[in-house]
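Undergrad: Below: one structure in structure tokens.
The values are calculated or read from the model by the stated rules, or taken from the named source; none is laboratory data. From a predicted model like this one, the values you see are computed outputs, not experimental measurements. Positions of Cβ are backbone-derived with ideal geometry, glycine not excepted, and every protein chain shown enters the neighbour counts. Note: areas computed on protein heavy atoms with side chains; ligands, DNA, RNA excluded. Shrake-Rupley method; radii C 1.70, N 1.55, O 1.52, S 1.80 Å.
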Amino acid sequence: MSEQVKYVLDESRIPESWYNLAADLPKPVPPVLHPGTLKPVGPDDLAPLFPMALIMQEVSTEREIEIPGPVRDIYRQWRPTPLFRARQLEKVLQTPARIYYKYEGVSPAGSHKPNTAVAQAYYSKEAGVKRLATETGAGQWGSSLAFAGALFGLEVQVFMVRVSYDQKPYRRALMETYGARCIPSPSTETRAGRAILAQRADHPGSLGIAISEAVETAAQRDDTKYALGSVLNHVLLHQTVLGQEAMAQMEMAGDYPDVLVGCTGGGSNFAGLVFPFVGAQLRGGRRVRVVAVEPAACPSLTRGAYAYDFGDTGHLTPLAKMHTLGSTFTPPGFHAGGLRYHGMAPMVSHLKELGLIEAVAYHQTKCFEAGVQFARAEGIVPAPEANHAVRGTIDEAIRCREEGRSRAILFNLCGHGHFDMQAYTDYFAGRLEDREYDPEEVAMALAGLPPVPQGG
Ligand SMILES: Cc1ncc(COP(=O)(O)O)c(C=O)c1O
């Protein structure tokens, strides 16, 4: 094998379709239910919130869904993204492992999120929508949708989780630069926000609450739709451009991953990388070990119940079967704001139930330690969310060293941390706390799970 570091594809190699894992699953994902009737929702139930094209993608079982020309044209601005062999990190770790990373931080907003933001804005514009309402944690998703909205002439209103709004003022400035309005959540602009603030005026917010505020805003106006940055099938679908490119780039490297690693908040960057490989395996291809890495302070995959739950705290969404800590659970205010979500994508949860993926949880200081080690070897400063994947990868590489085995590990470096430097400053000053989630709060939140019959 050569000493090549960077595997770069020509623009013509941007995938022409998104890959839909639903086509290859041995068992379908349990349906999304209407919270009133407990019957599967139909397209009409979702029509107030999403453009019909996205609703059809949500329920599609077609293996390939064509990427519209205008979306591919915008992807050209940063896609295909590079795939790197982490040769410097391998040296530092003295590991026989072959470490690769797909780098999504080269997008205009600095993460994988524009892959779906551009698609969602495109379909919304096509459907005559004027405004999009959304939530954001650390601000990566909000700034991606703000960017996509600017391209298609859509107004964008972003409810940003309060703790992140205070921690990351420059993400807010970026959203405003793209022309979006950014509101700290919980806010007084919605009933859901006001109800939370009445209980606790200094509430730090959560993605579940911000989703309620955005959904309420979208449901009130005919010209406004809701856009979600993760969790839903169509969002995961759009992210598969990155995994398909990674497959071609691994082929260029003359290698194939033994292990895939990704961080999981709602599951979209993880799915984007791993679904094409899992699909290939399900169609008889090579087996690959897949590891999801989540925060120990919000461990939905490793500690959550697999049950039907609401996607938001105000209970405005349908019910999805997923790993959940309970929709009223508020995770502690750690720095990886994009991972502070009570649930997990139903498709990712389903893969865990089928035994096709594993999950591990880490505290944030261990993740920052890994991120700093990575930055000092490879030069790129990862987003706090991505540090979870870096931690998982470094631990796999250390295991290779201890076992004296050379495995190929591929992880998704889903974003850079240039807007998250306060978190690094806090880490260096010893101010980052490894906060535990409160098991009593999780027990209470899970006691409030909607009463859906087993197997429903
Ligand atoms: C850089 C980055 N990585 C990961 C995530 C988590 O989301 P997901 O699990 O959908 O990729 C976010 C969410 O905002 C993010 O900004």
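Undergrad: Kindly identify region 324-400 as rounded, prolate or oblate by the Cα gyration tensor criterion: order the square roots of the eigenvalues as a ≥ b ≥ c, call it rounded if a/c is under 1.5, otherwise compare a/b with b/c, prolate if a/b is larger, else oblate.
TA: Because a/c hits 1.5 or more and a/b fails to exceed b/c, region 324-400 counts as oblate.
Undergrad: Moving to a separate point now. Using the crude model of +1 on Lys and Arg Cβ and -1 on Asp and Glu Cβ, and no other charge, please compute the dipole size for region 1-90 relative to its Cα centre, in debye to 20.
TA: In total the dipole reaches around 300 debye.
Undergrad: Moving on to the next point. What distance in nm lies between label points placed 7 Å from Cα along the C-beta direction at residue 92 and residue 44?
TA: 5.8 nm
Undergrad: Something else about it: Extension gain residue 443-residue 34, at 0.36 nm per residue separation less the Cα-Cα distance, in nm?
TA: 144.8 nm
Undergrad: How do 344, 444 rank by accessible surface area computed with a 1.4 Å probe, from largest to smallest?
TA: My answer, sorted largest first, is 444, 344.
Undergrad: Still on this structure, I have one more. What does the highest-first list of 423-431, 251-259, 367-375 look like by mean Cβ count within 10 Å?
TA: 367-375, 251-259, 423-431
Undergrad: Something else: Could you work out how far apart the two model spin labels at residue 452 and residue 78 are, taking each label as a point 7 Å from the Cα in the direction of the beta carbon, and quote it in nm?
TA: 3.3 nm
Undergrad: Please express the shape of region 200-312 as an equivalent ellipsoid: the semi-axes are the square roots of 5 times the eigenvalues of the C-alpha gyration tensor, given largest first in whole angstrom.
TA: 33, 18, 12
Undergrad: When only alpha-carbon atoms count, how far does region 349-450 stretch along each of its three principal axes, as whole angstroms with the largest first?
TA: Computed over the Cα atoms, the extents are 47, 36, 24 Å.
Undergrad: Let me ask another. Averaging sequence separations of C-alpha pairs under 8 Å and six or more residues apart, then dividing by the length of the chain, give the relative contact order as a whole percent.
TA: It rounds to 19 percent for the chain.
Undergrad: Please list, ordered by chain and number, the residues whose modelled amide H lies under 5 Å from the amide H of residue 362; skip anything fewer than 5 residues away on the same chain.
TA: When sequence neighbours closer than 5 places are left aside, the close amide H contacts are 294, 296.
Undergrad: Under 17 Å between C-alpha atoms is the cut-off here; go through the chain and count lysine pairs that meet it, provided they're at least eight residues apart or on different chains.
TA: 9
Undergrad: Something else about it: Using modelled amide H (1.01 Å from N, peptide plane; none on Pro or chain starts), what sits under 5 Å from the amide H of residue 99, excluding residues fewer than 5 places away?
TA: Amide H neighbours of residue 99, under 5 Å, 5+ apart: 86, 409.
Undergrad: Continuing with the same structure: Taking 0.36 nm per residue of sequence separation and subtracting the Cα-Cα distance, how much length would be gained by fully extending the chain between residue 11 and residue 62, in nm to one decimal?
TA: Gain on stretching residue 11 to residue 62: 15.8 nm.
Undergrad: Tally Lys/Arg at +1 and Asp/Glu at -1 over every other residue whose Cβ is under 12 Å from the Cβ of residue 166; what's the total?
TA: Surrounding charge for residue 166 is +3.
Undergrad: Using a ≥ b ≥ c from the Cα gyration tensor of region 112-267 (square roots of the eigenvalues), is it rounded, prolate or oblate, where a/c under 1.5 gives rounded and otherwise the larger of a/b and b/c decides, a/b for prolate?
TA: prolate
Undergrad: Still on this structure, I have one more. What distance in nm separates the two pseudo spin-label positions at residue 353 and residue 283, each 7 Å out from Cα along the beta-carbon direction?
TA: In this crude label model, residue 353 to residue 283 measures out at 2.5 nm.
Undergrad: Then there is this: Arranged from highest to lowest average of other beta-carbon atoms within 10 Å per residue, in what order do the peptides 447-453, 329-335 appear?
TA: Answer by packing, highest mean first, reads 329-335, 447-453.
Undergrad: Just to verify a number: FRET efficiency for residue 27 and residue 303, C-beta to C-beta distance, R0 = 30 Å, to 0.05?
TA: 0.80
Undergrad: Share of the chain's accessible area from carbon and sulfur, percent, 1.4 Å?
TA: Its accessible area is 50 percent carbon and sulfur atoms.
Undergrad: Here's a follow-up. Output wanted: per-residue J couplings in Hz (rounded whole) for region 37-47, from phi through Karplus 6.51 cos²θ - 1.76 cosθ + 1.60, θ = phi - 60°, x for Gly and Pro.
TA: With coefficients 6.51, -1.76 and 1.60, one gets 8, 6, 9, x, 6, x, x, 5, 5, 8, 4 Hz.
Undergrad: Counting only heavy atoms of the protein chains, get the accessible area per residue of region 191-280 (1.4 Å probe) and round it to a whole Å² value.
TA: That works out to 27 Å² for each residue.
Undergrad: Hey, with R₀ at 35 Å, roughly what FRET efficiency would residue 201 and residue 176 work out to, going by the Cβ-Cβ distance, to 0.05?
TA: In this case the efficiency is close to 0.85.
Undergrad: Report the rotationally averaged projected area of the chain based on its alpha-carbon convex hull, in square nanometres.
TA: 19.7 nm²
Undergrad: Using the Karplus curve 6.51 cos²θ - 1.76 cosθ + 1.60 with θ = phi - 60°, what ³J(HN,Hα) values do you get for each residue of region 309-322, in whole Hz, with x for Gly and Pro?
TA: Result, ordered by residue: 8, 6, x, 9, 7, x, 6, 9, 9, x, 9, 10, 7, 7 Hz.
Undergrad: Still on this model: Rounded, prolate or oblate: which one fits region 177-222, using the alpha carbon gyration tensor with axes a ≥ b ≥ c (rounded when a/c is under 1.5, else prolate when a/b beats b/c, else oblate)?
TA: oblate
Undergrad: Also: At 1.4 Å probe radius, can you tell me the per residue accessible area of region 282-333 in Å²?
TA: 30 Å²
Undergrad: How much length, in nm to one decimal, is gained on full extension between residue 150 and residue 3, taken as 0.36 nm per residue of separation minus their Cα-Cα distance?
TA: Gain on stretching residue 150 to residue 3: 48.8 nm.
Undergrad: Once Lys and Arg get +1 and Asp and Glu get -1 on their Cβ, which of 259, 362, 345 lies farthest toward the positive end of the dipole of the chain?
TA: Of the options given, the answer is 259.
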